[in-house]
Amino acid sequence: MDKQNLIVIEGLDGSGKGTQTALLCERIKQNGRLIRHISFPNYGESSSALVKSYLAGEFGGSPDAVNAYAASSFYAVDRYAAYKKHWSGDYADGVNIIADRYTTSNAVYQMTKLPQSEWNQYLQWLEDYEYNLLELPRPSEVIYLDMPAEITQKLMSGRYGGDESKKDIHESNVIFQQQCRRSALYAAERLGWHVVNCAAGSEPRDMDDIADEIWTLVSDNLI
């Protein structure tokens, strides 16, 4: 198989990534295409141990307690292990791989810890580190679900039944989420991601409308 296809659905916590990834996978199956759904972090595997410790605040109670490059490495190792153990064969065989988060999440969540004057340098380092040095596949397409942090916070509170203690150190920090949206939109412009607006005023946009827009973006390039 000469062609490989890796489509990434990216976005802030609570932006609807899981929902839209599931809807996209179902639609691809209905069109008779082969598909593999992957999601990061890979919490069911030991490779995510450092990620879980970081998000639980074991290295410090705020995202800034771990610098951008160290935290990026935690997530990259988890992706590397998942790729080598679980989906490299399907990718090589031309199965459509649909990822709920990927290398792109480091650009969203870790780059914001750096001064903006260093963002381009970080993006160059990130792509070289994961795609060249670790030899992880480069995405064919990235769909960034753009949802204001104010809306995602409400959605996450609903997800956790109003129990704020269930949020990790990323989810609970509204200012950090706002900063992450800024870094995400910067990365999207710099790296050529598709940006899908997921808000209608102060409320989430209809999920089926979002799904239709995503399908329009990816359907012509499926294997």
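The values are calculated or read from the model by the stated rules, or taken from the named source; none is laboratory data. Everything quoted here is computed from the prediction, not taken from an experiment. Remember, those area values only see protein heavy atoms, side chains included, never the ligands or the DNA or RNA. Shrake-Rupley method; radii C 1.70, N 1.55, O 1.52, S 1.80 Å.
Couple of notes before you dig in:
- Stokes-Einstein translational diffusion, the chain - Kirkwood Rh over all Cα pairs, 1.002 mPa s, 20 °C, in µm²/s: 120
- Taking all Cα pairs closer than 8 Å and separated by 6 or more residues, the relative contact order of the chain comes to 33 percent.
- A Gaussian network model of the chain, with springs between Cα atoms under 10 Å, assigns the largest mean-square fluctuation among 84, 52, 113 to 84.
- Surface analysis of the chain yields an accessible area of 46 Å² per residue, using protein heavy atoms and a 1.4 Å probe.
- GNM result for the chain, Cα springs below 10 Å: residue of 127, 45, 141 fluctuating most strongly: 45
- Accessible area of the chain belonging to carbon and sulfur atoms, whole % at 1.4 Å probe: 47
- Hydrophobic, long helices, defined as DSSP H runs whose alpha-carbon span along the helix axis is 24 Å or greater and whose mean Kyte-Doolittle value is at least 1.6, do not occur in the chain.
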